[in-house]
Amino acid sequence: MLHELTQDRRTANCVTQSLSGFKRQAPMVQAGVFSPITSIHPDEAYPVNPRTCYDCTAQIHIQRSPTMLRYSLWFSMLTAILCSAPPSFALTPDNCTFHAPFDGSFDAAQARGSGKAAVKGDIQFVPGIRGQGILVGAPNTELTYETEKHLNLESGSVSVWIKPETWNDKDAAMRFFFIVDEGDAKLPQDGGTFLWLYRFFSNTTYFLAWDSRGYPTLCSGGTELFKKGEWVHLVGTWNGDEMRLFVNGKPSGWRRVSTPTVLRSLAKTFKVGDPNRANQADTVLDEFRLFDRALTAPEAAALYQFRLQAEPAQQELTVVTLPGTKKVRVDVNALAHKPSEAKEMSARVLLKSGDKTIRETSIKSFSTNHAVVELGTEGLGMGEYHVESRLEKGGTLLAASAASFKIEAPPQWLGSKVGLTDGIPKPWTPLKVQQKGKSGTVECLGPRRYTVDSSFFPTRLSTASQEILASPIQLTGTVNGRPVDLAAAKVEWTRKSPERVEFAAKEVVGNATVSVSSFIEFDGLLWTNLKLNSAAPLKVDRLTLDLPLRKEAATLMYSGFGLEGTGAVRRFSHRIVSNSRLWLGNEDGGLQLTIPSARNWRSKDRNQQIEVLPEEERVVLRLNLIDKESTFQNGVDYSIALQLTPVRPHPEGWRLWRITPPEWVKGTHFNPFYTEGWAVGQSYPIPRDRWKQIYTEETKKGNIATIYLQPFCIWPGMPDYGQFAAEWRTDHSNPPKPFNPEASHMDFSGVCPRPASWGDYFVSTFFNLYEGEYKDMGWGAVYFDVTDAPLCDNADHGCGYIDEYGVRQKEQRYLEHRAVQRRFYTALQERWPEKFLFNHESGDLNMMQLGFCHGMIDGENLCLALVPDNFNYHKILTLDRMRAQYMGHNHGFVPIFLPEFTRAGSGNEEVMERFMGNIEPPEVMHLLGLLFLHDILPWDAYSNPSPYYHLWAVQDAFGWGDDVEFLPYWKNQELVTLLPNNPDVVCTIYRRPGKAMLVLMNNTDEDREISAQINLEKLGVKATSALDAWKGTSYRGMTWKKNDKGDWVRGDPFDYQGVEERLPINSGMLKIHATKRSYRILTIP
């Protein structure tokens, strides 16, 4: 049988082929037989359905369709179950450590430890799948049990039956079934902090381990799993470093973590059910069980049939091809055994062509339940091969399995030069280098200037007509007992060209050498590699890099670590994990720091690795590379990136961009904009169904039809996927999905950009198709989604490292990531300079990549943040956060904001009525005011769109375009003063010759009477009154209604007729009433 194990975004998947070499019915608990251990009463026992019980009847062979034979079956996982399997590893009632049937009692009916329940709040008993169950999810409720003797770190399983009472898989609220956290004592090494079996969002059910580094490992239950009133059986297992999820007796997800166990430790208690995000009791749980070992597929299938006896699957064989290194990697998994039990295992592994053995190796012993060997393929011709594994224990054969793969000719796109050029794409200009002796200044578009005066690092940085540094960047510390204080150094300029400048410096500290090699590229990226070397072991007590910034130049900060590090500058610290990026600056520009990984960082407290330290006259950005005594055998190296912002000006005509407007709205229409699902597969851009016609027809209407791509994801049906997916994958421990030309067009896995072949494939494939077969298709832009730099630990292409605690760590390959974006942008500009490239990169302002796009979509990452704040942005989008992250002017991208109102409220009828039944919902009006206040383009998605249509009409009536001058509230004090003074009551001005538009925002929770003193002379207008432009502008909107299914759909358009209302201006004074969390738009004259 073939099971596709689906996973969420950015996680690799696999397919399991379960095969057996014998024919045997698994043991069953007979109906009507009393079992005191499982507490199954004869009157309650369920008879087994003979049509669905597990039967080991498959033969050891591999079946392929003609399509499968045409391409590589580069990866297989096969499970063999033999009749000689020792019965001690089979599922028996003794494996159950805990059973709570919930038949009128919360206490366990069977438990190795204490089965006493701790109950908080009112949890009701209701009819279950057998007897009674419990209704969970209500606020202020909790059901906990003791962990001792029920759970262990090494191996185990959790089983539970679930029934949605009032919801289905389209509902967006999280619901929890099983929760266990790590213990109170936090260990220094990274690892799992909690384990959840839960339903995350619409169409997503996960068995998830959350890591101390801030990213999840998860097994997915697929889509459309839950239906109102229907029972679902979930089994989650863990075995050493691997996790599995079974749904209704079938495999549904499989993942490995990078640590020896899924969690670092276990808390004293675990939870069953928990308050959900729907704030109501709406989920029935029943027959909750825990086991002392990880159940395999036959055992999970038996449990689904209410049987507690079954033979396990013994072996899983995983083969991945690595064409770049001419090897195949073979993973033999003795999955029926705990890691501590696998030491007596051995395996014989053969590489064969037909019946002929070409290579052979043996695994003498297993350190865990996994053992890995590599077999060379160099010299082998094109064709089909297979790997066999015979798993033994103490001389007894447990299982024999085989998996095939194919060696194919290199594809035509490999080594492509599309988009690779030494030229400089627009809008950038050649670098200017002014050198005096060993000192030099490099100037790029802006102008932005980097000055290096006989030093390791820049001594001066300037952007937006302001100096950034308060003093030179400085490296200090203690190396081999000698103090390091390296500000000065001898600099060698090794390359000077219009697109790139390179320089290097080196100094000797005792018997150690400190060296720096750096380059600056035309867009202002400064990349530095810092190395410390010594002939003897290198002993470092401290190594600190300080970047001191002028206080006036660093009033705002943006952090890739989340909203807590974004807004007004304040004391801040964090560890180096994913998206380790900090920007310090002000509303005009700043400096972005990017760190690819914490490789060679040594810290007493990893949460202090990067610090922002405001001082009286400056703000210090400090990198604590090493702050504890450390010894290195082969030296150390670090990489950091610096980039002055803004990196580029906005493109011509950007203010008239309208995202997905109706046909009656004026301006430049990007329609359709978001088109996921248009292609045969992700990153395989062949239009499916009618999409070629749709794009062409929209283009003929004058719309800019936007092609959707995921530049760092791949569809498993792509023809060359079989050869390269293993080398491109981001997760060294987990194989990618198998090649499957029948895979859903929405199916994909993440890839790492470090292998040059990925850029060759992605860029060459697109441009070859759209200069060739699809050259007549109409389109005007490309939309990149899921574009942040992937986290990768795939050693096959050089990613990842082992930290000081022996944990394999991921890193982000920013240079290669940037190279793919730059290559695509360059090729686009060379061929079609009138077309646009957009990036959707919510929360991730990576300017070394985003410089190579025309606009950036932000906001999607705030979806879940809306729920606890009553579905508004009041506390989420503060004014300082808007200026620091979302505005775009000080970074160098056109900002496009994607609201999340109805997406966050999906399934909540009251919330949906609030947003779709109201033409101008206050929450939408508040957000729209924030966006307009900061010159940010709105996308009219996931909310009632009429307020956006109204705003566009107001802009058009004023006269909108590139000639409009943006005079923001933080820079227009000479033009307007608001009284009484309140930092959350502000006014932005838009001006064009003879006209001005005032956007007054009351971002407080009270209605206010505002006096605005306007300097009409300096503003350049003459007027005795101001027009309420919102009331006075006519526009066409859209009503929304519920259909027969209860879904909100478009109704009829309506026409609002503007009503002129003028506010008097007396001696420049304008009196304005401003309601709470809203705005007024006034035009003068």
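Can you pull out the residues in the stretch 494-534 that are more than 37 Å from the chain's Cα centre (by Cα) and in contact (Cβ under 8 Å) with a residue 60 or more places away in the chain? Once the filter is applied, which keeps residues that are more than 37 Å from the chain's Cα centre (by Cα) and in contact (Cβ under 8 Å) with a residue 60 or more places away in the chain, the stretch 494-534 yields LYS496, SER534.
Meeting the requirement of 2 or more residues that are modelled with pLDDT under 90, the strands (runs of 3 or more DSSP E) wholly within the stretch 113-232 are 192-201.
For the stretch 878-895, enumerate the residues that are surrounded by fewer than 24 Cβ atoms within 10 Å (Cβ to Cβ), aliphatic (A, V, I, L, M) and not in a loop (DSSP other than H, G, I, E, B). Of everything in the stretch 878-895, those that are surrounded by fewer than 24 Cβ atoms within 10 Å (Cβ to Cβ), aliphatic (A, V, I, L, M) and not in a loop (DSSP other than H, G, I, E, B) turn out to be LEU879, MET882, VAL894. Residues of the stretch 246-270 that are in a loop (DSSP other than H, G, I, E, B) and not small (Gly, Ala, Ser): ASN248, VAL257, THR259, PRO260, THR261, VAL262, LEU263, ARG264, LEU266, LYS268.
Conditions tested, residue by residue: (1) assigned to a loop (DSSP other than H, G, I, E, B); (2) surrounded by fewer than 11 Cβ atoms within 10 Å (Cβ to Cβ); (3) in the same structural domain as PRO735 (by TED's automatic domain parsing).
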| site | (1), (2), (3) |
| --- | --- |
| LEU350 | no, no, no |
| PHE366 | yes, no, no |
| GLU374 | no, no, no |
| GLU378 | yes, yes, no |
| GLY381 | yes, yes, no |
| HIS386 | no, no, no |
| ARG390 | no, no, no |
| ALA399 | no, no, no |
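Checking the stated criteria, LYS666 turns out not to satisfy the condition of being modelled with pLDDT of 95 or more and under 17 Å from LYS835 (Cβ atoms).
In the set GLY240, GLY236, only one residue is in contact with a strand residue (DSSP E or B) (Cβ under 6 Å, 6 or more places away or on another chain), buried (at least 21 other Cβ atoms within 10 Å of the Cβ) and assigned by TED's automatic domain parsing to the domain that holds PHE200; that residue is GLY236.
Under the condition of being part of a loop (DSSP other than H, G, I, E, B), polar (S, T, N, Q) and closer than 23 Å to LEU317 by Cβ, the residues counted in the stretch 724-782 number 4. What single numbered condition from (1) modelled with pLDDT of 95 or more; (2) surrounded by fewer than 24 Cβ atoms within 10 Å (Cβ to Cβ) fails to hold for PRO323? PRO323 satisfies all of (1) modelled with pLDDT of 95 or more; (2) surrounded by fewer than 24 Cβ atoms within 10 Å (Cβ to Cβ) except (1). Scanning the stretch 642-671 for residues that are among the β-branched types (Val, Ile, Thr), crowded, with 24+ Cβ neighbours inside 10 Å and part of a strand (DSSP E or B) gives THR645, ILE659.
All told, ASP869 falls short of being surrounded by fewer than 24 Cβ atoms within 10 Å (Cβ to Cβ) and either assigned to a strand (DSSP E or B) or touching a Ser or Thr at 6+ places or on another chain (Cβ under 9 Å) (or both).
Just one of VAL1021, VAL985 is touching a residue at least 60 places away in the same chain (Cβ under 8 Å) and over 20 Å from ASP963 (Cβ atoms); which is it? Even if it seems obvious, please write down each step before you answer.
Working: VAL1021 fails: over 20 Å from ASP963 (Cβ atoms).
Going through VAL1021, VAL985 in turn, just one is touching a residue at least 60 places away in the same chain (Cβ under 8 Å) and over 20 Å from ASP963 (Cβ atoms): VAL985.
Listed here are the residues, each with its yes/no results for (1) of a type in the set (D, E, K, R); (2) in the same structural domain as LEU1063 (by TED's automatic domain parsing); (3) in contact with a helix residue (DSSP H, G or I) (Cβ under 9 Å, 6 or more places away or on another chain); (4) farther than 12 Å from THR1083 by Cβ.
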residue: ASP935; (1), (2), (3), (4): yes, yes, yes, yes
residue: HIS950; (1), (2), (3), (4): no, yes, yes, yes
residue: GLU974; (1), (2), (3), (4): yes, yes, yes, yes
residue: ASN982; (1), (2), (3), (4): no, yes, no, yes
residue: GLU1006; (1), (2), (3), (4): yes, yes, no, yes
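This table checks each residue for (1) in the same structural domain as GLY1068 (by TED's automatic domain parsing); (2) more than 40 Å from the chain's Cα centre (by Cα); (3) crowded, with 20+ Cβ neighbours inside 10 Å; (4) among the hydroxyl-bearing types (Ser, Thr, Tyr).
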| residue | (1), (2), (3), (4) |
| --- | --- |
| PRO947 | yes, no, yes, no |
| GLU965 | yes, no, no, no |
| LEU979 | yes, yes, no, no |
| LEU1016 | yes, yes, no, no |
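Within the stretch 450-461, at least one residue is in contact with a Ser or Thr (Cβ under 7 Å, 6 or more places away or on another chain), surrounded by fewer than 16 Cβ atoms within 10 Å (Cβ to Cβ), over 29 Å from PHE836 (Cβ atoms) and touching a residue at least 24 places away in the same chain (Cβ under 8 Å). Considering the stretch 834-852, and only residues there that are touching a helix residue (DSSP H, G or I) at 6+ places or on another chain (Cβ under 9 Å) and charged (D, E, K, R), the residue that is surrounded by the most Cβ atoms within 10 Å (Cβ to Cβ) turns out to be GLU841.
Quickly run through the stretch 546-584 and pick out the residues that are part of a strand (DSSP E or B), hydrophobic (A, V, I, L, M, F, W, C) and either in the same structural domain as GLN812 (by TED's automatic domain parsing) or over 26 Å from CYS792 (Cα atoms) (or both). Before you say what the answer is, go through the steps one by one.
Of all residues in the stretch 546-584, those part of a strand (DSSP E or B) come to 546-550, 556-559, 567-568, 572-574, 581-584.
Next cut, hydrophobic (A, V, I, L, M, F, W, C) only: 547, 549, 556-557, 568, 572, 582-584.
The answer is LEU547, LEU549, LEU556, MET557, ALA568, PHE572, LEU584.
The values are calculated or read from the model by the stated rules, or taken from the named source; none is laboratory data. Fair warning: this is a prediction, and the values are worked out from it, not measured in the lab. Cβ atoms come from the backbone with ideal geometry, glycine included; neighbour counts cover every protein chain shown.
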